[in-house]
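Note sheet for the following structure.
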Amino acid sequence: MMKNPIVTVLLLSAWLGASENIYPGLLGTVVNLAKNDTLNVREAPDYHAKKTAALPLDAYVGVDHCKKRGKSTWCNIFHVAQRDYEGFGSDVKRGWVNARYLAFSDRGYVIIDNKPNCDYVLRCKVQQCEVVDDYTTDEKSGDITSLKTRWVNRKRLRASNYFDAMPDDPDASGYCTIHAKINIFLQTQKEKKTDSALEKKVRDVVSALNRLKDGSTNAFAAYVHPLKGVTMTWYTHFGYNRHFSRTEIEKAQKNQNNALYWGTRESNGEAVRMSLLDYMRMLSRPLLDMTKIEKLQDLKGFQCDKTQTCKGYEVRWMVDPKVSNDWLGLVIIFEKYRGKWYVVGLLRDRWTV
């Protein structure tokens, strides 16, 4: 029996269009390959389709859209300026690769409605992307101080880079450069949010320490790094340190009669001996009496793991208003672990001038 070619074409078209388009990212970087392996680009979203190109690890491509094919997801990709690979350059057609070999990104230059204008995308939600429309800068530094954005339909955008996104204008030359200032601005904003959240956590830690006067250490222990514990010192800089696990903090009340050696007093060289609980009780005063929270530029000698990010803050209280510059200080060092900030360092700072 002879097959009807029209029916065959219709069935094939139905199969190809059976799944809706997916938009996981504007740009993709090739991942999950062995160092000397390559990712095959095919002319259709199928392992049996003709191979048209090969992409190495870390290859950078534009992503038009993706589709589900059985248990796999395939993405339609295209060449990005200055990124030529085997069989995949500026003069080749789009191709398909398996999505499991791509790391996606929604931040970068785009061309809107085929008109390059150094447009820069910050993020995308479903089929809408947030594009920088305008910005203001500081007159002295030239740094961006605010961004004006708009949302554009994803289908109107084509991922690009700082070469192709440059306007086709006689007065325009070179390549787009605004991405550097935008990313600095975004990082600064992120830091401000982090600082704001950490300042609140500083207050919570101070409050938990102040409650040690009433007994339980569990409230403070919850802020201590679950794996690394916390380093404490008697001196005004980390140096001679004592280290305690979260469990030891929780048991500090039970061990309050166990006097520990903390070093010597700088004034007369006398040995400092006290329990962990007594030490922690000295660190804090009521929140209402706090005079300042200061973000530290250095960590007062604390040795942060090079693979991690640490931030330090110092809280100050005026001890005796009648005495000029009679202060009590508490240095708190935080380290990020699994998306949360935990206390890894405590330092008592006390001085009178």
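Restricting attention to region 186-206, report how many residues are among the small types (G, A, S) and either surrounded by 14 or more Cβ atoms within 10 Å (Cβ to Cβ) or without any contact (Cβ under 8 Å) to a residue 60 or more places away in the chain (or both).
Here is the first cut: in region 186-206, the residues among the small types (G, A, S) are 196-197.
Imposing the further condition that a residue be either surrounded by 14 or more Cβ atoms within 10 Å (Cβ to Cβ) or without any contact (Cβ under 8 Å) to a residue 60 or more places away in the chain (or both) reduces the set to 196.
Here the count works out to 1.
Quick one: which of L209, L276, L227 is surrounded by fewer than 17 Cβ atoms within 10 Å (Cβ to Cβ) and modelled with pLDDT of 90 or more? Walk me through how you get there before you give the answer.
Values: L209 fails: surrounded by fewer than 17 Cβ atoms within 10 Å (Cβ to Cβ); L276 fails: surrounded by fewer than 17 Cβ atoms within 10 Å (Cβ to Cβ).
When all the criteria are applied, what remains is L227.
Please work out if A180 is outside any strand (DSSP E or B), of a type in the set (A, V, I, L, M, F, W, C), surrounded by fewer than 18 Cβ atoms within 10 Å (Cβ to Cβ) and touching a Ser or Thr at 6+ places or on another chain (Cβ under 9 Å).
Values: outside any strand (DSSP E or B): yes; of a type in the set (A, V, I, L, M, F, W, C): yes; surrounded by fewer than 18 Cβ atoms within 10 Å (Cβ to Cβ): yes; touching a Ser or Thr at 6+ places or on another chain (Cβ under 9 Å): no.
The answer is no for A180.
Taking region 250-273 as the search range and keeping residues that are at negative phi and in a strand (DSSP E or B), which one is surrounded by the most Cβ atoms within 10 Å (Cβ to Cβ)?
Initially, region 250-273 is screened for residues at negative phi, giving 250-262, 264-268, 270-273.
Add one more test, that the residue is in a strand (DSSP E or B), and what stays is 260-262, 264, 271-273.
On the way: L260: 15, Y261: 12, W262: 20, T264: 14, A271: 9, V272: 14, R273: 11.
Among those that are at negative phi and in a strand (DSSP E or B), it is W262.
Within the bounds of region 190-203, is there any residue that is part of a loop (DSSP other than H, G, I, E, B) and out of contact with any Cys (no Cβ under 6 Å at 6 or more places or on another chain)?
Restricting attention to region 190-203, the residues satisfying the condition of being part of a loop (DSSP other than H, G, I, E, B) are none.
Among the residues of region 190-203, not one is part of a loop (DSSP other than H, G, I, E, B) and out of contact with any Cys (no Cβ under 6 Å at 6 or more places or on another chain), which makes the answer no.
Any residue in region 296-312 that is in contact with a Gly (Cβ under 6 Å, 6 or more places away or on another chain), among the acidic types (D, E) and touching a residue at least 24 places away in the same chain (Cβ under 8 Å)?
No, region 296-312 contains no residue that is in contact with a Gly (Cβ under 6 Å, 6 or more places away or on another chain), among the acidic types (D, E) and touching a residue at least 24 places away in the same chain (Cβ under 8 Å).
Please give the number of the condition T145 fails out of (1) surrounded by fewer than 18 Cβ atoms within 10 Å (Cβ to Cβ); (2) outside any strand (DSSP E or B).
(2)
Any idea which of Y240, Y175 is of a type in the set (F, W, Y), exposed (fewer than 14 other Cβ atoms within 10 Å of the Cβ) and at pLDDT below 90? Spell out how you get there, then give the answer.
On the way: Y175 fails: exposed (fewer than 14 other Cβ atoms within 10 Å of the Cβ).
The match here is Y240.
Looking at E139, is it in contact with a Lys or Arg (Cβ under 7 Å, 6 or more places away or on another chain), acidic (D, E), without any contact (Cβ under 8 Å) to a residue 24 or more places away in the chain and over 22 Å from F163 (Cβ atoms)?
Numbers: in contact with a Lys or Arg (Cβ under 7 Å, 6 or more places away or on another chain): no; acidic (D, E): yes; without any contact (Cβ under 8 Å) to a residue 24 or more places away in the chain: yes; over 22 Å from F163 (Cβ atoms): yes.
Answer is no for this residue.
Please count how many residues of region 222-249 are of a type in the set (G, A, S) and in a strand (DSSP E or B). Reasoning before the result, please.
Initially, region 222-249 is screened for residues of a type in the set (G, A, S), giving 222, 229, 239, 245.
In the following step, the residues that additionally are in a strand (DSSP E or B) were identified as 229.
Here the count works out to 1.
Among the numbered conditions (1) in a loop (DSSP other than H, G, I, E, B); (2) among the small types (G, A, S); (3) surrounded by fewer than 20 Cβ atoms within 10 Å (Cβ to Cβ), tell me where A219 comes up short.
(1)
The values are calculated or read from the model by the stated rules, or taken from the named source; none is laboratory data. The structure presented is a predicted model; accordingly, all values stated were derived computationally and were not measured. Using ideal geometry, Cβ is built from the backbone for each residue, glycine included, and neighbour counts are taken over all protein chains shown.
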